[in-house]
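Reading through the structure tokens given below for one structure.
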Amino acid sequence: MGRIKINVILVIILKLFLVGTTTGEETCENDREIEKLCGGHTYKSVKPLLDYFKQVRNELDQSEIKEKHISEINADLMKKYHEIVGIHEKLMKEAFQLDEYKNKIIRKENDLQLCQSKVDKLESEINSQQTTINKLTLNANFLASYDECKKELSDKSNNLEICEVQLKKLNSSVIEKDEKISGYSATIQNITENQKTISLKLEESQAMLFKKDKDIEICHAEIIKLNRTSDNNNIPSSCLPFGKHPGVHEIKVSGVCSVDVLCDSQLAGPGWIVIQQRINGKENFDRDWATYRKGFGSLNSDFFLGLEKMHRLTSLQQYELYIHLVALNGSIFYARYDDFKISDEDHGYALSLGKFKGNIFDAMRKSDNMKFSTFNRDNDASSGNCAVRYNNGWWYKDCCHCNLNGLYGQYLYWYVNILKEAKMLIRPKEDKNK
């Protein structure tokens, strides 16, 4: 019976050892089996021993884990050790090379010091030699300068002697000339006095001559006045009486007496006075204000009748304007205005146009109510002087659409047409109420 118990106990111990290797639910199940085998009392006695075995088993498991971890750490340390050994060897090699470089630098420094010593010695020798050369050069230059100065002084002495001789000659010549000048001065004084006498006589003669000329002019004016008084009754005031006989005729102009004008009866009917004509480009139309006021040119060539005459003609009665144009290609155009006037000079000989009729664009309309402009009388509305720009006088605004006084070529034009001929004609307008 006792032997059986021992065996049972041994079985229990073995079971307990195996139980120590289990965990969780398996442990609880084994505990219940052992408790059945041993009984409750025996199990309570053996329970501490079982707990000890569990603790030992857990410690063994942890010990194995730690040994495994330690093995891994040792392997990593060995790897790091080998790396450190490699780095150490590399550092030792670089340290050796560094020592070699230091030795080379020390040797180079020693060589450099030797070279510097040699350079300093050579510089000292060069400075010494340069000082000697400077002294020698100074002495040589001094000697050369001394010789040159000596030679220059000798030359100047010779020149001074020559100048003294020339000065004596000049002084002698000046004295002679002074004597001659004194003689000339006396002669000039006599001549001046004679000239004053002659000038006084000449002034008296001129005064008398001027008085005679004035008397002659007065007499001549009186004669002309008498002649005109007798003839004026027979001189017409327009070209209408010469309708069948065009050409140059004399007409009366209020305030101007009589003037020769060109009458035309072919272009637009009888009785027209030609006030401007461009047919050959032989006349210069770049004239000043006074010339345009008076008029210029030849009646059988290019001419401008004159602003003052135009004003006088158009101030007494209503005139119409007819403009005859011939383009470069031979095309003929006309422009007609039923009321043409030119103001007086105080108002700048301003242009006034009536209603337009023609077979061409009304290009002259831009000049309506504009004063006349020349290069010396700027009356246009532009920032500059259009008369200077186009080299002629005209009724400019800013500047114009037509320029019948322009230079032959591109500046003699009517709107887009370059012209080879242009004529401006005026005629008294018929009174329809008569």
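The values are calculated or read from the model by the stated rules, or taken from the named source; none is laboratory data. Nothing here was measured: the structure is a model prediction, and the numbers come from that model. Here the Cβ is made from the backbone with ideal geometry for all residues, glycine too, and neighbour counts use every protein chain on show. Please note that ligands, DNA and RNA were not included when accessible areas were found on the heavy atoms of the full protein model with its side chains. Shrake-Rupley method; radii C 1.70, N 1.55, O 1.52, S 1.80 Å.
The label-point distance for GLU421 and ALA290, in a model that sets each label 7 Å from Cα toward Cβ, rounds to 3.5 nm. Between CYS115 and TYR52, the contour length at 0.36 nm per residue exceeds the Cα-Cα span by 13.6 nm.
By its C-alpha gyration tensor, with a ≥ b ≥ c as the square roots of the eigenvalues, how is segment 282-365 shaped: rounded for a/c under 1.5, else prolate for a/b larger than b/c, else oblate? Don't jump to the answer; show the numbers that get you there.
Values: a/c = 2.14, a/b = 1.15, b/c = 1.85.
The shape class here is oblate.
The orientation-averaged projection of the convex hull spanning the C-alpha atoms of segment 357-408 amounts to 3.8 square nanometres.
What is the local net charge at GLU67, summed over the other residues whose Cβ is closer than 14 Å to its Cβ (Lys, Arg +1; Asp, Glu -1)? Show your work: numbers first, answer last.
Details: positive: LYS66, LYS68; negative: GLU59, ASP61, GLU64, GLU72.
Charge balance near GLU67 sits at -2.
In the full protein context, segment 384-434 carries 48 Å² of accessible surface per residue, based on a 1.4 Å probe and ignoring ligands, DNA and RNA. Put simply, segment 91-133 fits an ellipsoid with semi-axes of 41, 5, 4 Å; these come from the alpha carbon gyration tensor as the roots of five times its eigenvalues, largest first. Could you tally the net charge around ASP302, taking each other residue with its Cβ under 13 Å from the Cβ of ASP302, Lys/Arg +1 and Asp/Glu -1? Net local charge, ASP302 excluded: +2. Taking 7 Å steps out from each Cα toward its Cβ at HIS245 and ILE65 produces label points 15.5 nm apart.
Which of rounded, prolate, oblate describes segment 272-311, given a ≥ b ≥ c as roots of the alpha-carbon gyration tensor eigenvalues and a/c under 1.5 marking rounded, otherwise prolate only if a/b is larger than b/c? Because a/c hits 1.5 or more and a/b fails to exceed b/c, segment 272-311 counts as oblate.
What percentage of the solvent-accessible surface of segment 291-434, computed with a 1.4 Å probe over protein heavy atoms, is contributed by carbon and sulfur atoms?
Numbers: 3040 of 6670 Å².
Ligands and nucleic acids excluded, carbon and sulfur give 45 percent.
Considering only THR291, ASN369, LEU267, the residue lying farthest towards the positive end of the dipole of segment 260-386 is LEU267, judged by Cα position with unit charges set on Cβ.
Indicate the gyration tensor shape class of segment 57-164 (rounded, prolate or oblate), computed on the Cα atoms with a ≥ b ≥ c the square roots of the eigenvalues: a/c under 1.5 is rounded; otherwise a/b larger than b/c is prolate and the rest oblate.
Details: a/c = 14.90, a/b = 5.57, b/c = 2.68.
Prolate.
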